[in-house]
1. Just checking, does region 86-95 include any residue being surrounded by fewer than 18 Cβ atoms within 10 Å (Cβ to Cβ), touching a Lys or Arg at 6+ places or on another chain (Cβ under 6 Å) and more than 21 Å from Leu122 (Cα to Cα)?
2. Determine whether region 54-68 contains at least one residue that is within 25 Å of Leu127 (Cβ to Cβ), β-branched (Val, Ile, Thr), crowded, with 17+ Cβ neighbours inside 10 Å and over 13 Å from the mean Cα position of the chain (by Cα).
3. If Gly104 satisfies all but one of (1) buried (at least 17 other Cβ atoms within 10 Å of the Cβ); (2) in contact with a strand residue (DSSP E or B) (Cβ under 8 Å, 6 or more places away or on another chain), what's the number of the condition it fails?
4. Kindly list the number of the only condition in (1) modelled with pLDDT under 95; (2) closer than 20 Å to Pro105 by Cβ; (3) out of contact with any Leu (no Cβ under 7 Å at 6 or more places or on another chain) that fails for Leu37.
5. Based on what the data block shows, is Phe4 in contact (Cβ under 8 Å) with a residue 40 or more places away in the chain and among the aromatic types (Phe, Trp, Tyr)?
6. Wholly within region 41-141, which helices (runs of 4 or more DSSP H) include no fewer than the required count, namely at least 3 residues that are in contact (Cβ under 8 Å) with a residue 40 or more places away in the chain and under 17 Å from Met1 (Cα atoms)?
Amino acid sequence: MPVFSSSDQVYAVMKTLLTRLGEKDPQAAQIITRSRLVLRLQLNQPPAEITINGKHHPIEFAFGKSALRPDLELAIGCDALHYILTGQLKFSKALGSGQLKLRGPVWKAFVLEDVFRHLQGLYPVVLREYGIDPPRLKPSP
């Protein structure tokens, strides 16, 4: 069973998560603004698109289609993103296994690895606020 039941649920959780990151973790926000990147997350199962504009402070987010041209695009399933945000899947492993696909300069993507680490502390709290009981990743045989 997928973590998120709808695109609307993905947007609600991610909006709360990213807003909270800006409020509670200025260091993570600085990582994004120092990168000077426009990042687009293309999520699937359910489909969602999130654009993060780190070219200025404060960071701006777009939930849904955006006219901004991204410097870096990440395509990932919502469940794989969930496993990264819970620390059950490493960013580099998701990239190496093809669960995470990048378009743009790959070396710039590792800025996100630090941001994901910061999000890991907030994500479980946000899920509980939305009444989501997340599945655990099953170990590989």
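1. No: region 86-95 contains no residue that is surrounded by fewer than 18 Cβ atoms within 10 Å (Cβ to Cβ), touching a Lys or Arg at 6+ places or on another chain (Cβ under 6 Å) and more than 21 Å from Leu122 (Cα to Cα).
2. yes
3. Of (1) buried (at least 17 other Cβ atoms within 10 Å of the Cβ); (2) in contact with a strand residue (DSSP E or B) (Cβ under 8 Å, 6 or more places away or on another chain), only one is false for Gly104: (1).
4. With respect to (1) modelled with pLDDT under 95; (2) closer than 20 Å to Pro105 by Cβ; (3) out of contact with any Leu (no Cβ under 7 Å at 6 or more places or on another chain), Leu37 is out only on (3).
5. Working: in contact (Cβ under 8 Å) with a residue 40 or more places away in the chain: yes; among the aromatic types (Phe, Trp, Tyr): yes.
The answer is yes for Phe4.
6. Result: 78-85.
Table: residues versus (1) within 24 Å of Gln9 (Cβ to Cβ); (2) modelled with pLDDT under 95; (3) touching a helix residue (DSSP H, G or I) at 6+ places or on another chain (Cβ under 6 Å).
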position	(1), (2), (3)
Gln30	no, yes, no
Thr33	no, yes, no
Lys65	yes, no, no
Leu100	yes, no, yes
Gly104	no, yes, no
Asp133	yes, yes, no
Lys138	yes, yes, no
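The values are calculated or read from the model by the stated rules, or taken from the named source; none is laboratory data. Computed from a predicted model, the values in this text were never measured in an experiment. Neighbour counts are summed over all protein chains in view; Cβ atoms, including those assigned to glycine, are modelled from backbone coordinates with ideal geometry.
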